[in-house]
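The structure appears right after this line, and notes come after that.
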Amino acid sequence: MTAVPPRPFPAKSKKKNVRIVFNVEREILAEEFNELCLKAGEAPKDITKLRIALKHSLFCVTARKLKSRELVGFVRACGDGVFNAELLDLMAYPPLSEAGEAVKKQIVLRFKREIRRTMPKCAISTFALPADLVLLLRANFEKDPDGIRAMSLPQGGWSDEPPVYPNTAMNASQLAP
């Protein structure tokens with residue numbers, strides 16, 4: 001019998017394998033979400049407004065480190081709960097790395113699965129950051145073929161005056177065949 005020399009132990013890497021758990025949560029702390037915003041390079045949000053937004057969300061999909069329960073990824077769903085849902089606040093930490101992209105991908109897949117489970121006929125929309133466009137296209141989101149059809153009303157833009165539609169004035173004679 002020939003003796004086989006023992007194999008050397010592999011050098012231990014300083015990088016630890018971090019296990020991440022993805023969950024659907026109904027409530028999340030605004031402070032915790034704000035911490036993730038800061039880590040991901042986003043501007044911090046007003047805590048009072050953020051609490052209201054989170055309270056009125058349909059649900060949130062979170063990515064948390066298994067041992068420490070630290071929030072490392074997030075997206076929330078808003079909508080009417082039947083026909084329309086919107087994917088909002090998609091982010092992950094670290095934001096510009098393969099790990100961050102993998103977390104975002106899993107969050108989007110879990111988001112879609114939860115929407116299909118709870119609202120099967122629901123349309124999903126999002127206003128994505130340019131950095132997330134490729135990820136969302138791979139997740140079968142489509143660009144609006146007619147361009148953005150959304151409108152916005154700037155703060156202080158409310159008026160009781162009737163709207164003026166340029167170049168659309170028609171009289172009754174133009175409506176007759």
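Please treat every number below as a calculation from the coordinates, not as lab data. Remember, predicted model here, so these are calculated numbers, not experimental data. Cβ coordinates were reconstructed from backbone atoms using ideal geometry, including for glycine residues, and neighbour counts include every protein chain displayed.
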Notebook entry, point to check: Structure shown: which of LYS67/LYS121; LYS67/LYS104; LYS45/LYS65; LYS67/LYS112 lie over 28 Å apart, alpha-carbon to alpha-carbon?
Noted result: LYS67/LYS121
Note to self: Largest first and in whole Å, what are the equivalent-ellipsoid semi-axes of segment 77-119 based on the Cα gyration tensor, each being the root of 5 times an eigenvalue?
What the structure shows: 24, 11, 5
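Let's see if you can work this out: charge +1 on each Lys and Arg Cβ, -1 on each Asp and Glu Cβ, no other charges. What is the dipole magnitude of segment 20-135 about its Cα centre, in debye to the nearest 20?
Details: 19 positive and 15 negative charges, 95 e Å.
Once rounded to the nearest 20, the dipole reads 460 debye.
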Margin query: Relative to 2.2 N^0.38 Å, what does the C-alpha radius of gyration of segment 20-135 come to as a ratio? Two decimals please.
Written below: 1.00
